[in-house]
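Read the figures in this text as sums done on the coordinates, not as results from a lab. These figures come from a predicted structure and were not determined experimentally. So basically every Cβ, Gly included, is an ideal-geometry build from the backbone, and we count neighbours across all protein chains shown.
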Amino acid sequence: MPSYVLVIGELLIDAISCEYVDHLGQAASLSLHPGGSAANFCRFLHTYQVPTRLVAAVGQDGLGRQLLDHLRTIGLDTSHVATVAQHATTLIVVGRTKGTPDFIPYRDADAQIAPIADDLIAPAGLLHTSAFALSQQPARDAILQAFDRAAQQGIPVSVDWNYSEKIWTKPAEARHTLEKLQMLNPLLKFSLDDVNRMKGESLNIEQAKAYLSTLQSSVTCLTCGGDGVWYKATQEDWQFRPAQVITDIKDATGAGDAFWSGFVRAYLGQSSLAVCVEQGIQTASQRLKGLL
């Protein structure tokens, strides 16, 4: 397995409702948790003993200290997490749910990611980021430049396209960014909700697959919750893997990040795509059961 996975993206506070809600208007109280798709992905890899490095930015405030303390407690390296003055740590209010959560973003410091040094990129076995991390400057340019340099060195790049119109205030910028990423032949992960938000309409699974088939990638995964996972490699047909039946879902928050961490872990071990997807499903199941 390569020296480490370099994760570049959001490290933030999830303020999650203490009770299950259909929307945040029903939330009466919130509890604070370390979060962010990129940081969750990094943490799940670390849990399964995959070496990682996290490049992120937090504010010079109490919430930023809380996040750094958490990373150190679980054994993650914080040397590439910047603490930026005059920017508040990003906070996302999230509704606890067994499905796709309602959320409100309060963003600031997470976008202050600086250019990434070549000596951090060169030893990496894979670079990963998210649509959330790419949605604001200066982080977007820093990440795209790092991905370009990685691709030039033959290092694979991975993107969780967790698109939301709440995050990308200018949809044209999202489309342009996705076009740039496709030139790097990335590993792409979309959920069905991501596709629907990106297209601005409600698509069924077949329509979502048709859209994703137009994108250039080395691998594309479409996660459909309880309806399983569709996946394909370049120039190949779509394949399907059913979801694991879970009767008592504890929390769906972070399940997509868990899936992709399992997928990438198997991918780095040079497993077949079918094995990668199955390992992703197993890892997501652990998260849904509250065991991860």
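Separation of segment 150-194 and segment 26-43, taken as the distance between their Cα centroids, equals 22 angstrom. Listed from fewest to most Cβ neighbours within 10 Å, the set Leu67, Leu120 follows the order Leu120, Leu67.
The Kirkwood radius of segment 1-81, taken over pairs of alpha-carbon atoms, gives through the Stokes-Einstein law at 10 °C and 1.306 mPa s a diffusion coefficient of 116 µm² s⁻¹. With contacts taken as Cα pairs under 8 Å and at least 6 residues apart, segment 5-288 reaches a relative contact order of 16 percent. Normalising the average separation of contacting C-alpha pairs (under 8 angstrom, six or more residues apart) by the number of residues puts the relative contact order of segment 115-166 at 49 percent. Taking every lysine pair in segment 5-288 that is 8 or more places apart or spans two chains, those with Cα atoms closer than 25 Å amount to 24. Return the loop-located chymotrypsin sites (Phe, Trp or Tyr not before Pro) in segment 15-96 (DSSP other than H, G, I, E, B) with at most 14 other Cβ atoms within 10 Å of their own Cβ; answer none if there are none. Here the chymotrypsin sites (Phe, Trp or Tyr not before Pro) that fit, given the DSSP loop and packing criteria, are Tyr48. Counting only DSSP beta bridges with both residues in segment 1-57, the antiparallel share comes to about 60 percent. Amide H contacts of Val81 (H built 1.01 Å from N, in plane; Pro and chain starts excluded): Ala56 sit under 5 Å, all sequence-distant by 5 or more or on other chains. Ranking of Thr129, Thr223, Thr169 by neighbouring Cβ atoms within 10 Å, starting from the fewest: Thr169, Thr223, Thr129.
Dipole magnitude for the chain: computed about the Cα centre from +1 point charges on Lys and Arg Cβ and -1 point charges on Asp and Glu Cβ, it is near 260 debye. Ordered by the number of other Cβ atoms lying within 10 Å of each residue's own Cβ, fewest first, Cys18, Cys224, Cys42, Cys276 fall into the sequence Cys18, Cys224, Cys276, Cys42.
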